[in-house]
Amino acid sequence: MTAITGQKDEKRGQTARRRNTLMPSRLTIALFLLPAFLLYTIFMIYPLVQALIFSTFEFNGLVRGAFVGLQNFEQLFTRYPISEQLPRAFVHNVYFFIGTMLIQNTLGLLFAVLLHRPRFGKRFFRVVFTLPYLISPLVVGYLWSLMLNPLFGPVNATLRNLGLGSLARPWLGDPATALPVVILVNAWMWVGFPMLLFGAGLAGIEDDLREAARIDGASNWQIFRWIEFPLLTPVIGIVTVLTFIGNFNAFGIVWALGGVDGTPAGATDVLGLVFFRTAFRGGADAFGLASALAVLMFLFIFTVSVLVQTWFRRLESRMQ
Amino acid sequence: MRALKIPKFTFTGIGTNGLLIVYAAVVLIPMFIVVTNTMRPTREIYREPIGLPSTINFDSYVTAWGEANFSLYFMNSMVITVSSVTLATAAASLAGYILGRYDFRGSRFFSSFFVAGLTLPFRLAIVPLFLLLNSLGLIDNRIGLILVYAATGIPFSVFILSAFFRQLPQELSEAARIDGANEFVIFSRVMLPLVRPALATVAIFQFVPLWNDFFFPLILLRSTDKWTLPVGMTRFFGEFQTDWSTLFAGLVITTLPLVVLFLSATEQIISGLTAGVRK
C-alpha cells in the first residue's frame, strides 16, 4: 500500500486519459461479469421468463404438454375449490394490507416522530423496536401461536390473572379474530421497519424549518402536521409500496399461525398459501395453473406498485 | 398557515415515555417469556404459563439440539447460508468492480439488468425453477438451494458494491497498473480491501433473509437430513406439540445467531435498512 500511495502524485497527470488507455480488454471485462451474470440469469431471470410461457401450457406432472392459450387462467376462476379460495384469499390480502397500513405504519410513524426528538434512551428504544424484524417470520408465527394458545398461552393467562377472563378466547381458533391477530403479529414483527424509514426521512428535513415554526409559536403537533408530515410524502410512498409488496407475498408468518390451509375455516388463507397449494398440493396439471396464478399475481402487484408510486410522485410535485 | 385553528395538542413527556416503555414491553415480554420458559419444565408451564424458573435447567436445549435434530438443521442452515452469501458476494464484487470502475460498451445495460432483479417477485418463478433444478438433478440437493440463494443475492450486492467501487480514487489502480499488476491483481489486492465495510453490509443483508427463509427449502429439499432450521421447525412443532419447554428452546436456537449478528452490527443493519431513503 505505501509503495502505491507513494507513487500517486507522480502519476496524477495521466488520469485524464484513463477511459481510453486503461480500459481492460473485452475478455477481462467478460470474465469479471461472467459469474454473477450466469448465476443471476440461469437461476433468476430464466425461470421468471419461463413462468410467463408455462402459464399458457398444459402440464402433466413434471412434463409440459400442449399450448392451451388462456385455459389455465380460466380454470383458476371456474374450477372448484380454487375458484372459491382465490377471491377469498385476495380479500384477506386486501384486509391485511389496510390493517397493516393503519396499525403498523401509523405506529411506526408515531415512534419515528417521538424518537426523532432528543430523548433519554432513544437508541435503546430504536434497537428494541427493530429487534423482532430479525426473527424469521415463521419463528414469529410459532412464537405467537404459543403465546395465544387458548389453554396454556400466556396471553389468556394474563387476562385471567387481571380478572378479565371473559376476554380470553381461542384467538387463532376463532374465524372472527384469526385474521386480525395475523395482522397484529405481523405488525409486531415489522413495526421497526417503517419507524426506521420515517426516522431517516425526518432526519432529512432541515432543522431551520422546525425552528422557524417554533419561533412563530407552533406546537409540536402543528410542526408535525404542517411541516414534517407533508415533507414525508416520498417516504410514505416508499413505505406504502413496500408494505403492499410484503403483504401480498406473506407466507411464513401465515403458515405458522394458520397452517398451509389458512385455518380456521380458511380465515387466514392468503394468496401466498393459495399459490403454494396450487403448485405443490394440486393435481397433475398443477404446474400450468400455478404458473397462470403467478402471472396474475405478478401483474397485479406490479401494476398497483407502479400506480401507487405515480400517485405519490404527483402528490409530491403538487406540493412544491 | 391555517395552523392556528388546530387545537393545541402536545404529548407530555410522561405520556410519550409511557407509550415508548409500554411498547418496549410488548416487544420484550414475549421474548422474555420464551427464554424463561426454556428453563422451566413443561408441567410447570402448563400450570402457570408465565413465571420465573425455579431452577436453572437447560434440558430443553439438550432435547431440542439432540432428539429434535436441531444440531442437524442448524448445521445445514449454517452451511447453506454461509456458502450462498460467500458465493454471491464473490461473484457480485467481481461484477460490481468492473461496472463501478469502467464505462465500457454495455456497462449501462448490465447495471440495469442486475438492478432490475431487486424488484422482481422471484418466488413466483418457483415452478420453472423447480423444473430447472429437477432437470439438473439438483432437487433435494443443498447445492441447488445454494445456487438459487446466491442468485437472489446478486442484484442487491452488485448494486451496493458497484456504488462503493465507483467512489474509490482512480490513482490507486493506476499506480498498481504501472507497477505491472493485471486487472485481477488490482481488484483483489488494491480495491477489494478498500470496500471491506460494503462487503460486510452486503453479507449481513444477505445472511438474515436467507437464514430465515422458509419457502425455498420447503419446496427444494425433501429429505429431513438436508432440512434447514425453518423447515425443520414445522416438523418439530408437530412432533413436540406437548413439550412446550423444548418448543421454546427451538425458537431460541433458531434466532440466536441473528441476535448475535444484530448486536454486533446494529449500526450497519440500521443504516442499510434506510439506504433507500437517504439521498
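Summary of values
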| item | result |
| --- | --- |
| Restricting the range B:173-217 to residues that are of a type in the set (Lys, Arg) and within 11 Å of chain A (Cβ to nearest Cβ), the residue that is surrounded by the most Cβ atoms within 10 Å (Cβ to Cβ) | B:Arg177 |
| Residue within the range A:165-174 that is in contact (Cβ under 8 Å) with a residue 40 or more places away in the chain and away from chain B (no Cβ under 14 Å) present | yes |
| Exclusive hit being at pLDDT 90 or above, of a type in the set (Val, Ile, Thr) and within 30 Å of B:Leu136 (Cβ to Cβ), set A:Ile103, A:Ile42 | A:Ile42 |
| Members of the range B:226-243 that are facing chain A (nearest Cβ under 7 Å) and surrounded by fewer than 24 Cβ atoms within 10 Å (Cβ to Cβ) | B:Phe237 |
| Tally of residues being in a helix (DSSP H, G or I) and among the aromatic types (Phe, Trp, Tyr) across the range B:55-68 | 2 |
| Selection status of B:Phe159, at pLDDT 95 or above and among the aromatic types (Phe, Trp, Tyr) | no |
| Spans of helices (runs of 4 or more DSSP H) in the range B:69-168 with at least 1 residues under 16 Å from the mean Cα position of the chain (by Cα) | B:70-101, B:142-167 |
| Criterion: under 19 Å from B:Leu258 (Cα atoms) and modelled with pLDDT of 90 or more - qualifying residue of B:Phe236, B:Phe205, B:Phe214 | B:Phe214 |
| Test: residue in the range A:256-269 that is crowded, with 16+ Cβ neighbours inside 10 Å and within 9 Å of chain B (Cβ to nearest Cβ) | yes |
| Filter result for the condition that a residue is farther than 30 Å from A:Val94 by Cβ and not charged (D, E, K, R), over A:Ala200, A:Ala112, A:Ala168, A:Ala157 | A:Ala157 |
| Subset of the range B:128-172 (residues that are small (Gly, Ala, Ser), crowded, with 21+ Cβ neighbours inside 10 Å and either without any contact (Cβ under 8 Å) to a residue 24 or more places away in the chain or more than 7 Å from chain A (Cβ to nearest Cβ) (or both)) | B:Gly144, B:Gly153, B:Ser157, B:Ser162 |
| Single condition B:Arg43 does not satisfy, out of (1) assigned to a helix (DSSP H, G or I); (2) of a type outside the set (Phe, Trp, Tyr); (3) surrounded by 15 or more Cβ atoms within 10 Å (Cβ to Cβ) | (3) |
| Residue under evaluation A:Ala203, criteria (1) of a type in the set (Gly, Ala, Ser); (2) over 30 Å from B:Phe237 (Cα atoms); (3) buried (at least 18 other Cβ atoms within 10 Å of the Cβ), criterion not met | (3) |
| Residue in the range A:107-123 that is closer than 16 Å to A:Gly246 by Cβ, more than 8 Å from chain B (Cβ to nearest Cβ) and out of contact with any Cys (no Cβ under 8 Å at 6 or more places or on another chain) present | yes |
| The range A:247-304 - residue that is part of a loop (DSSP other than H, G, I, E, B) and hydrophobic (A, V, I, L, M, F, W, C) and, of those, farthest from A:Leu102 (Cα to Cα) | A:Ala284 |
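Matching residues to (1) in contact (Cβ under 8 Å) with a residue 12 or more places away in the chain; (2) hydroxyl-bearing (Ser, Thr, Tyr); (3) crowded, with 16+ Cβ neighbours inside 10 Å:
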position	(1), (2), (3)
A:Leu33	no, no, yes
A:Ala36	no, no, yes
A:Ile45	no, no, yes
A:Val49	no, no, no
A:Leu76	yes, no, yes
A:Pro81	no, no, no
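The values are calculated or read from the model by the stated rules, or taken from the named source; none is laboratory data. Being a predicted model, the structure only gives us computed values, none of them experimental. A quick note on method: Cβ atoms are made from the backbone with ideal geometry, for glycine too, and the neighbour counts reach across all protein chains shown.
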